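What follows draws every value from the coordinates through simple rules; no lab data is involved. Predicted, not measured: the structure shown is a model, and the values here were computed from it. Backbone-built Cβ (ideal geometry, glycine too); neighbour counts: all protein chains shown.
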Amino acid sequence: MSQADTSYVRKDMLPQAAPPVAETGIVRWLRLNLFSSPANSLLTLVSIYVVYQIVVAATPWVLNGIWVSPSLTACREILDGEVGACFAVLTERWNQLLFGFRYPTDLYWRPGLAFILLFVCAAPLLFFKFVPSKFLVLTGLYPFVAYWLIWGGTIMIPVFALLGALLGMYVYKKTVFASAGMAVIAGFAAALIFWILSGYITGPMANILALEPVQSRDLGGFMINLMLGVVCISLSVPFGILLALGRQSSMPIIKWICVIFIEFIRGVPLITLLFVANVVLAYFLPPGSNFDLILRVIIMITMFASAYIAEVIRGGLAALPKGQYEAADSLGLDYAQSMQFIILPQALKISIPGIVNVAVGLFKDTTLVSVISMFDIVGMIRGPILASSEWNGVYWELFGFAAVLFFITCYGISQYSQWLERQLQTDHR
Amino acid sequence: MTTATDPPKDSFHFKQLIYDTRYRSYTFQFIALMLLIALFAYLGGNLVQNLADQGQNIAFGFLSEPAGYDINQRPIAYDSQSPHLRAALVGVLNTLIVAFLGCLTATILGVTAGILRISPNWLVRKLMAGYVEAFRNVPVLIWILIIFTIMTAVMPPPSAFRGEDSASGMLFGSFAFTNRGVYLPAPIWGPGSSVVGLTFLASIFGAIYYRRYATKLLYDTGKLLPMVWPALVILFVPTILVYLILGRPITFDYPELAGFNFQGGLHVRGSLIALWLALAVYTGAFIAENVRAGIQAVDRGQTEAAASLGLRPRRIMNLVILPQALRIIIPPLISQYLNLTKNSSLAIAVGYMDVTGTLGGITLNQTGRAIECVLLLMLFYLAISLAISAIMNVYNNSIKLKER
């Protein structure tokens, strides 16, 4: 080892240098995310241009919007040739868009209250981890209260409906030990018989605690979409579960009934089912009976949604490991118990995203009732509002309003479902 | 272990029908069947009673009576004296036309948007997320109506194209976007055009054969032939040559403003465009999600393994990721096609004469034969659905992982 010491050994650490400008902060982010390659840079520039065009076109339209005006011509006079929206149609006709054009004006508080109660009463179900379970009673009572509020009439009708439902549940509980399938049928039969019998005694009681009655054909606007959506989805989940279990059943007749029903309904568009509700179903009902159109539509949409939900739940049932079924059997649980305590809780948890997809799709499809001349929000826009002399020609404001309403609702539902999935996660991640 | 004792072989009691699991399922199925028969008997009885009360019957004879209405888009010969059955057939063809166009466009849009949703470009990713959310959360009926409004209320009337410095001009002098629809140049198939068509068909096979040959050569000898440009040359050069040699047999009929409207060319109505675009863009948003989910479902290890073999990013995508992702993407894609076909029944909202508009609309209203019309309508859609699901099952079986 020669001692000619030309080497240099650093004795102390250099002070830390700041990273190159291109590798920090916003510049790094821009480089990585927007300009990582020539093609990407081009894509970015094109996107910026598109966004810029949209903003430039939409901003004056929204900012110059007229909110108070009696008609489109007056609106255009105020705008005086400038670009601007005429939101006055929304402030002028909000009640028609929300409640339809025949719902009594002084009774708007009733559907409004029903709407608020929907959130109050759905909370125990939606946020079951945070609300004590005894409040679920509220959720159970809600359909009957909401019916009473929206349609009016004597309170005895919803009370008897509630009693019939309770009786059905009681009969189910009492017979379920013998056979789950027969208990379901017995429960339905008991409720049905009770409802038919009670139909004879509600007539004389028409004035007990009666709200002013509103005819079904007087309902309209976004209220119908919400109502159809909520009613049909909540009804179709239990029916869907029954159909899915039936399709998995080892009993061939039950299985084939369910298969044929599901495949038939899934094979036809909803609009043909609405035609059935509108023009065909009346032929199959007893002569002289007068079923509400809205009730017929609810029946058909519920059938439609149950078939789709049944397929989703069947997927959930199939995804469960076979060991779960065998474990339930080896514990000595009977069919109803093993389904209720072991299988369905897990299968339904897996099915949540699918069920929510069906729910969102169904809620959007409620606009189809405008095709069979019901005045839901699309029907209101296309019919009474666009046909009126004041607002003929206001397209974007109205369709935009409807689109925004649906977007908020559907986006809300899907966000909730994602939150719910996180809540129900039992694996430790 | 045969410790389980046989059940006691005592005589049969009626109680066993309920309490014995061996017989209970028969009892239950019997009851269910009886209830079903009772329900159908009840409904059928009501039907017979109602029909008798109104002096009607169920018969399909009306299908051969003259329809008496016009249809504005006729893929086959039809006039108002043609029978209802032919009107229904025109409707069926119109449904298939819009469904085909819609599926094609939706696939292009959806695959593009789905791939862009996982692009490294933040802005593009967010824009595509916006597109998907906006279309998935708003009813398709509203989109159809919005695009129909654009086609009918925003586009200029044909009169705006009149004169030297008119308010609107034709695109490339041959495309006119008016509020009565879009006018395009229509091809005129002159004599000899069939030769051009056949040449093109043969070129397609030629190109496919060339690719096969190149692949085989690569696998056998390791010699890499260029793939893309020879295929394109084989595809187009012979056709163009034949076209020129035969003296340009295919010419175009350009639309021209005559009187109050455009004459000549191909007239695509606003209702078709509204339905087509709305269905395509709406379904495209769903397809985009399927494509994104399919690509993301391929394990990241596959990308890394391919990269460690020395493949370049484009080849990783084409040779490793896409073949595996397609297996996941195709089944939901086909069910989206099915949804699009079923949603095309919304044509009735914009007056496009599909099968819902003819058979389920005007024919139903004119003849009053609601049951027959709705039944036929349902059978048509059911047949399409079952056919598509059958194809899907065959496909699913063919791509199933071959497990040992």
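Return the single residue from A:Thr272, A:Thr154, A:Thr302 with maximal mean-square fluctuation; model: Gaussian network over chain A, springs between Cα atoms under 10 Å.
Of A:Thr272, A:Thr154, A:Thr302, the Gaussian network model singles out A:Thr272 as fluctuating most.
Putting +1 on Lys and Arg Cβ atoms and -1 on Asp and Glu Cβ atoms, find which of A:Ala210, A:Leu295, B:Ala113 reaches farthest to the positive end of the dipole of the protein assembly as shown.
Checking the options against the dipole of the protein assembly as shown, the answer is B:Ala113.
Which angle between 0 and 90 degrees, to the nearest 10, do you get for helix A:136-151 versus the longest principal axis of chain A when only C-alpha atoms count?
It is inclined by approximately 70 degrees.
Quick one: check the C-alpha center-to-center distance for segment A:46-98 versus segment B:241-277, whole angstrom.
Their Cα centres are 37 Å away from one another.
Residues with amide H under 5 Å of B:Asp253's amide H, sequence separation 5 or more or different chain, H placed in the peptide plane at 1.01 Å from N; which?
B:Ala186, B:Ile188
Please list, in order along segment A:152-164, the HN-Hα scalar couplings obtained from phi with the Karplus expression 6.51 cos²θ - 1.76 cosθ + 1.60 (θ = phi - 60°), rounded to whole Hz, x for Gly and Pro.
x, x, 6, 6, 5, 4, x, 5, 5, 4, 4, 4, x
Specify the longest stretch of chain B that does not include any exposed loop site, a site being one of the GluC sites (Glu not before Pro) with a non-H, G, I, E, B DSSP assignment and at most 15 other Cβ atoms within 10 Å.
Free of exposed loop sites, the longest segment is B:165-402.
Among B:Gly55, B:Gly259, B:Gly114, which one moves the most in a GNM of chain B with springs linking Cα atoms closer than 10 Å?
Highest fluctuation among the options: B:Gly55.
Calculate the mean, over all residues of peptide A:402-411, of how many other protein chain Cβ atoms lie within 10 angstrom of the residue's Cβ.
4
What lysines does B:Lys126 reach when the alpha-carbon gap must be under 26 Å and sequence neighbours fewer than 8 apart in one chain are set aside?
Partners found: A:Lys364.
Between B:Val182, B:Val350, B:Val124, where does the largest GNM mean-square fluctuation fall for chain B, given springs only between Cα atoms within less than 10 Å?
Among B:Val182, B:Val350, B:Val124, the largest GNM mean-square fluctuation belongs to B:Val124.
State which entries of A:Lys174/A:Lys255; A:Lys349/B:Lys15; A:Lys255/B:Lys400; A:Lys173/B:Lys342 exceed 31 angstrom in Cα-Cα distance in the structure shown. The partial results should precede the final answer.
Details: A:Lys174/A:Lys255 25 Å; A:Lys349/B:Lys15 38 Å; A:Lys255/B:Lys400 26 Å; A:Lys173/B:Lys342 41 Å.
Listed pairs above 31 Å: A:Lys349/B:Lys15; A:Lys173/B:Lys342.
Report, by chain and number, residues whose modeled amide H sits under 5 Å from the one on B:Ser82, excluding near sequence neighbours (fewer than 5 apart, same chain).
Amide H to amide H, under 5 Å and 5 or more residues apart or across chains, B:Ser82 pairs with B:Ala67, B:Gly68.
Report the charge-dipole magnitude of segment A:219-429 in Debye, nearest 20, computed about the Cα centre from +1 at each Lys and Arg Cβ and -1 at each Asp and Glu Cβ.
Computed charge dipole of segment A:219-429: roughly 260 debye.
If I stretch the segment between B:Ile245 and B:Leu198 completely, what's the gain in nm (0.36 nm per residue apart, minus their alpha carbon distance), one decimal?
Stretched out fully, the B:Ile245 to B:Leu198 stretch lengthens by 15.5 nm.
Could you list which residues have their amide H under 5 Å from that of B:Asn179, counting only those 5 or more apart in sequence or on another chain, with H placed in the peptide plane?
So B:Asn179 has HN proximity to no qualifying residue.
Could you tell me which GluC sites (Glu not before Pro) in segment A:1-87 are loop residues by DSSP with no more than 14 other beta carbons within 10 angstrom of their beta carbon? The partial results should precede the final answer.
Details: sites: A:Glu23, A:Glu77, A:Glu82; in loops: A:Glu82.
Taking segment A:1-87 and a limit of 14 other Cβ atoms within 10 Å, the loop GluC sites (Glu not before Pro) found are A:Glu82.
For segment A:2-71, which trypsin sites (Lys or Arg not before Pro) are in a loop by DSSP, counting at most 11 other Cβ atoms within 10 Å?
Answer by residue number: A:Arg10, A:Lys11.
Need one value for B:375-383: mean number of C-beta atoms belonging to other chains within 10 Å of its residues' C-beta atoms. Present the calculation step by step, with values, prior to reporting the outcome.
Values: counts 3, 0, 6, 10, 3, 2, 5, 7, 1.
For this peptide, the per-residue mean of nearby foreign Cβ atoms is 4.
Which whole-Hz couplings ³J(HN,Hα) result when phi for each residue of segment A:114-120 is put into the Karplus expression 6.51 cos²θ - 1.76 cosθ + 1.60, θ = phi - 60°, listed in order with x for Gly and Pro?
Using θ = phi - 60°, the values come out as 4, 5, 5, 4, 4, 5, 4 Hz.
Chymotrypsin sites (Phe, Trp or Tyr not before Pro) within segment A:8-44: which are DSSP loop residues with at most 12 other Cβ atoms inside 10 Å?
Answer by residue number: A:Tyr8.
Given A:Tyr108, A:Ala327, A:Leu166, which one lies farthest toward the positive end of the charge dipole of chain A, if we put +1 on the Cβ of every Lys and Arg and -1 on the Cβ of every Asp and Glu?
So the residue we want is A:Ala327.
Could you derive backbone 3J(HN,Hα) for segment A:66-76 from the dihedral phi with the Karplus parameters 6.51, -1.76 and 1.60 (θ = phi - 60°), listing whole Hz in sequence and x where the residue is Gly or Pro?
9, 9, 10, 5, x, 7, 5, 5, 4, 4, 5
May I ask which residue of B:Leu96, B:Gly181, B:Trp122 lies farthest towards the positive end of the charge dipole of chain B, with charges of +1 (Lys, Arg) and -1 (Asp, Glu) on Cβ and the Cα centre as origin?
Result: B:Trp122, furthest along the dipole toward the positive end.
Hey, can you rank B:309-316, A:124-131, A:66-73 by average C-beta count inside 10 Å, highest first? Let's see the in-between values first.
Numbers: B:309-316: 11.8, A:124-131: 13.9, A:66-73: 15.8.
In decreasing order of mean packing, B:309-316, A:124-131, A:66-73 become A:66-73, A:124-131, B:309-316.
Nearest 0.05, what FRET efficiency do B:Ser398 and A:Ile78 give at R0 = 60 Å with Cβ-Cβ as r? Write out the running numbers ahead of the final one.
On the way: r = 65 Å, r/R0 = 1.08.
My answer for the efficiency is 0.40.
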